[in-house]
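Heads up, the thing below is written out as structure tokens.
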Amino acid sequence: ILCFDLQIYISSLDYSVLQRDALSLKLFRSVAASKNNDIVTFNYTDLNKLLAHNAKSSISYIHGNINNEIILGFQRFNEMARGYEYMIKSESPKYKSCHLKTKMSEADEIIVYGHSLGSTDHCYFQPFFDEQTGANAKPKRFTVFTLNNASKEQIYPQMAMLSNGKYVAFQDNTDIKVVETSKNDKVVSEYIDSLCRRMKPTIISRIF
């Protein structure tokens, strides 16, 4: 019942109030405009509603979306109480793998927007960090967009935890950038321009 009501609520949101000149929307549209990119979202919102036309890129909804059944719950963790297994997202009969590990492994650039890399979702990012701290790591770009300095300070400890004591190796193999969206319009705009230039000359793969 909660999933059904949440689906109805999200579907009723008014998209006309969106700031069409927002840099976040410009970034998303830039990524969505290329068929060589992969977009993976943890949200339920129909991302095509943010576009003038359907995305050329692939869009995967890890926990379902408002056009289908959504998945509400949490990831399995150690010492969880019995009787709540039905709330484990990855074990829901509605769950479909979006092959996130493979997509992140094959991508040359990974953009994370609006996600704190928090411990509840470490399982999604751990394989990427293990790969980037391993002997066969390949150079990649890893950009995280976060709100402000307070949230930025929370990102680095999460990356250190995901690196399992090998953060220096992660830094050595990965071009890391953490961007504050609340005060760095120029930085965000310059990044988007740079991203668009990088997408033009070669066939590349990204995950958003």
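The values are calculated or read from the model by the stated rules, or taken from the named source; none is laboratory data. Computed from a prediction, not measured in an experiment: that's the story for all the values here. Heads up, the Cβs are rebuilt from the backbone with ideal geometry, glycines too, and the neighbour counts pull from every protein chain shown. Heavy atoms of the whole protein, side chains included, go into the accessibility calculation; ligands, DNA and RNA do not. Shrake-Rupley method; radii C 1.70, N 1.55, O 1.52, S 1.80 Å.
Measuring with a 1.4 angstrom probe and ignoring ligands and nucleic acids, R198 comes out at about 50 Å² accessible. Let a ≥ b ≥ c be the square roots of the eigenvalues of the Cα gyration tensor of segment 100-208; is it rounded (a/c under 1.5), or, if not, prolate (a/b larger than b/c) or oblate? Since a/c reaches 1.5 but b/c is at least a/b, the shape of segment 100-208 is classed as oblate. In order along segment 159-166, the Karplus-derived 3J(HN,Hα) couplings, from 6.51 cos²θ - 1.76 cosθ + 1.60 at θ = phi - 60°, round to 5, 5, 5, 5, 7, 6, x, 10 Hz, and Gly and Pro are given as x. For chymotrypsin sites (Phe, Trp or Tyr not before Pro), the sites in segment 18-104 that DSSP calls loop and that have at most 11 other Cβ atoms within 10 Å are F42, F77, Y84. Residues in segment 33-40 carry Karplus couplings, in order, of 6, 10, 6, 8, 9, 10, 10, 10 Hz; the curve used is 6.51 cos²θ - 1.76 cosθ + 1.60 with θ = phi - 60°, and Gly or Pro positions show x. Excluding same-chain neighbours fewer than eight residues apart, the lysines reachable from K89 by a Cα-Cα span under 21 Å are K101, K103.
Cα gyration tensor of the chain, axes a ≥ b ≥ c as square roots of the eigenvalues: rounded (a/c below 1.5), prolate (a/b > b/c) or oblate? Let's see the in-between values first.
Values: a/c = 1.58, a/b = 1.09, b/c = 1.46.
Oblate is the answer for the chain, as a/c is 1.5 or above yet b/c matches or exceeds a/b.
Beta-bridge orientation, the chain: approximately 0 percent antiparallel, per DSSP, counting only bridges with both partners inside. Going 7 Å from the Cα of K94 along its beta-carbon direction, which residues of segment 10-26 have the amide nitrogen within less than 15 Å of the resulting point? In segment 10-26, the label zone of K94 (backbone N under 15 Å from the point 7 Å along Cα→Cβ) covers 10-11. Scanning residues 5 or more positions from Q75 or on other chains, those with amide H under 5 Å from its amide H are K89, with H placed 1.01 Å from N in the peptide plane. Judged by the gyration tensor of its Cα atoms, with axes a ≥ b ≥ c, segment 138-190 is oblate; a/c meets the 1.5 cut and b/c is at least as large as a/b.
Available extension along the chain between Q126 and S12 is 37.5 nm, counting 0.36 nm per residue and deducting the alpha carbon span.
Rounded to the nearest 20 debye, the dipole size of segment 111-208 about its Cα centre is 340 debye, using +1 on the Cβ of Lys and Arg and -1 on the Cβ of Asp and Glu.
Each other residue within a Cβ distance under 11 Å of N68 adds +1 if Lys or Arg and -1 if Asp or Glu, for a net charge of 0. For D21, the solvent-accessible surface computed with a 1.4 Å probe is close to 130 Å², ligands and nucleic acids excluded.
Per-atom-type breakdown for segment 1-107 gives carbon and sulfur 52% of the accessible area (1.4 Å probe, protein chains only).
A cut-off of 5 Å between modelled amide H atoms, ignoring neighbours fewer than 5 places along the same chain, links V178 with V144. Projecting the Cα atoms of T45, S58, C3 onto the dipole axis of segment 1-61, where Lys and Arg carry +1 and Asp and Glu carry -1 at the beta carbon, places S58 farthest toward the positive end. Dipole check for segment 1-125: with +1 at the C-beta of Lys and Arg, -1 at the C-beta of Asp and Glu, and the Cα centre as origin, the magnitude is about 240 Debye.
Dipole magnitude for segment 51-113: computed about the Cα centre from +1 point charges on Lys and Arg Cβ and -1 point charges on Asp and Glu Cβ, it is near 140 debye. Once all protein chains are placed together, K140 keeps about 10 Å² accessible to a 1.4 angstrom probe.
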